[in-house]
Amino acid sequence: LILCDRTDKKRSSHLNLQYPMVSSVHPRSCLLATVLLSLHSLARGTAEHCEAASVDLLQRQLLLDVSDPPEELPKAVTVPVASTNLALLQTRTQSEVAQAEMALWNGEDAVPEWYMEAVANAEAEQKRPGESMLQETAKWGHQALKNARIVGMFDSGTNLMVATMKQNFPRVNVVEPVWKHSVPGKHLRNLTSDTLLIEMVRSPIAQIDGWRKAPYNLKSCVTFTEHSVAQPCRISDGHTYRRGVTEVWNSYTDGYLRANSTRENVVIIQYEDLVMDPDAVLSQIASLMRLPTPEHFTIVKAPAKNHGHPRGREIAMQNIQDMKYMHSRVSSHISQLCKLLDHNLMHHFEVHMPKRAVRTYADDCTGA
């Protein structure tokens, strides 16, 4: 386009001195160059606009109104991450990063591996809270647990727990010798005294709602009919659930409670607690692993690629407070599900929220 500008005689003369082989440019070439430059600018602006719009649409789909953050956010803070890990996200769009973050905080198993790697490798600009914990335990006069094993059924928040552990206790080995979704009894095999077994649970209505979205091995379980939600299914480890999806939740939760009552190095963590009050959850884990409790913990997030405030946790908190799952994919089947869920098990688990009455998982079935 510069060469095409023949009106500026000084520029033309200067260019001809610099590039003697170029004496003239065909008019059609000039027109083509102009059109291409215009299309490039238009496409670039459109892409940026569409990417920002897609992130906004995604957030609106997950939560109709997230303009006001939930009341009294817990005290855990987000530690800035170093730019060295930004390279892990350079090939990803802003909407991809936002969607991955929201999937993680929503407790889903379908979190992309590249995002989990970015989160696990995130380094704080200041000293990471858990960096020297194992060394510091010598001052406490006892031996810290070196390993953590995180288990739970699909969409129970296992990925979120793994990411939280890796960012806050980087010296602790997060191991998975057995498939994390296997039936509870398998996780107790070869469980050594230097390992903490963390069992993740979640409100059954919310979890079944998630399985309807992404059924994983439970597709036949969540294929409900108008009159029945008790479709038999079989998961990858060979176990069959003849009474369907509610039997999956009942049996896993019962197994986790039994293990927790008989072993000192087994703890049950509720997904809702990890989202609403990660400080309390990590303080509990630090105590069980005989680690000193840091002054503050790191809220999980990947390095920010471009701009924009991470909304994954805020949306997850709001969804828990608003009980969004009660008005989603299983809303027309809640009454049937509640008849088959074990209410004694559900009463074991409380959900605590700021300025609201404590409720149990069983309260989701009140009036159903």
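The values are calculated or read from the model by the stated rules, or taken from the named source; none is laboratory data. Not measured: the values here are computed from a predicted model. Note that each Cβ is placed from the backbone with ideal geometry, even for glycine, and that neighbours are counted across all protein chains shown. To get the accessible areas, we keep the full protein, side chains included, count just its heavy atoms, and leave off ligands, DNA and RNA. Shrake-Rupley method; radii C 1.70, N 1.55, O 1.52, S 1.80 Å.
On the given criteria, is residue 215 at pLDDT below 90 and closer than 24 Å to residue 284 by Cα? Please lay out each step first, then the result.
Values: at pLDDT below 90: yes; closer than 24 Å to residue 284 by Cα: no.
Here the answer is no, as residue 215 does not meet what is asked.
If a residue must be acidic (Asp, Glu) and either at positive phi or at pLDDT below 85 (or both), how many such residues does the stretch 94-135 contain? Write out each step before concluding.
Let us first name the residues in the stretch 94-135 that are acidic (Asp, Glu), namely 96, 101, 108-109, 113, 117, 123, 125, 131.
Next, only the ones that are either at positive phi or at pLDDT below 85 (or both) stay: 117, 123, 125, 131.
So the count comes out to 4.
Sort out which residues of the stretch 203-241 are of a type outside the set (A, V, I, L, M, F, W, C) and part of a helix (DSSP H, G or I), and write them in order of number.
Going through the stretch 203-241, the residues of a type outside the set (A, V, I, L, M, F, W, C) turn out to be 203-204, 207, 209-210, 212-213, 215-217, 219-220, 223, 225-228, 231-232, 234, 236-241.
Residues satisfying the conditions are 204, 207, 209, 210, 212, 213, 216, 217.
Can you tell me which residue within the stretch 255-278, out of those that are of a type in the set (D, E, K, R) and surrounded by fewer than 17 Cβ atoms within 10 Å (Cβ to Cβ), is nearest to residue 218 (Cα to Cα)? Show your work before the answer.
Just the residues of the stretch 255-278 that are of a type in the set (D, E, K, R), to begin with: 258, 263-264, 272-273, 277.
Filter once more, so that each one left must be surrounded by fewer than 17 Cβ atoms within 10 Å (Cβ to Cβ): 258, 263-264.
Details: 258: 24, 263: 29, 264: 31 Å.
Per the stated criteria, the residue is 258.
So, in the stretch 201-254, of the ones that are among the aromatic types (Phe, Trp, Tyr) and buried (at least 19 other Cβ atoms within 10 Å of the Cβ), which residue ends up nearest to residue 106 (Cα to Cα)? Please lay out each step first, then the result.
Keep residues of the stretch 201-254 that are among the aromatic types (Phe, Trp, Tyr), which gives 211, 216, 224, 241, 249, 252.
Going one step further and asking which of them are buried (at least 19 other Cβ atoms within 10 Å of the Cβ), we end up with 211, 224, 241, 249, 252.
On the way: 211: 12, 224: 23, 241: 26, 249: 18, 252: 20 Å.
Taking the candidates together, the pick is 211.
Among the residues of the stretch 150-169, is any modelled with pLDDT under 95, open to solvent by 50 Å² or more (accessible area, probe 1.4 Å) and part of a loop (DSSP other than H, G, I, E, B)?
Within the stretch 150-169, not a single residue is modelled with pLDDT under 95, open to solvent by 50 Å² or more (accessible area, probe 1.4 Å) and part of a loop (DSSP other than H, G, I, E, B).
Only residues in the stretch 203-217 that are among the basic types (Lys, Arg) count as the first member; pair them with residues that are open to solvent by 30 Å² or more (accessible area, probe 1.4 Å), Cβ under 7 angstrom, at least 6 apart or cross-chain, and list the lot.
212/329; 213/329
Do you know which residues across the stretch 336-355 are open to solvent by 50 Å² or more (accessible area, probe 1.4 Å) and among the polar types (S, T, N, Q)? Spell out the reasoning first.
Our first condition is that a residue be open to solvent by 50 Å² or more (accessible area, probe 1.4 Å); within the stretch 336-355, this holds for 339, 342-344, 347-348, 350, 352, 355.
Matches in the stretch 336-355: 344 only.
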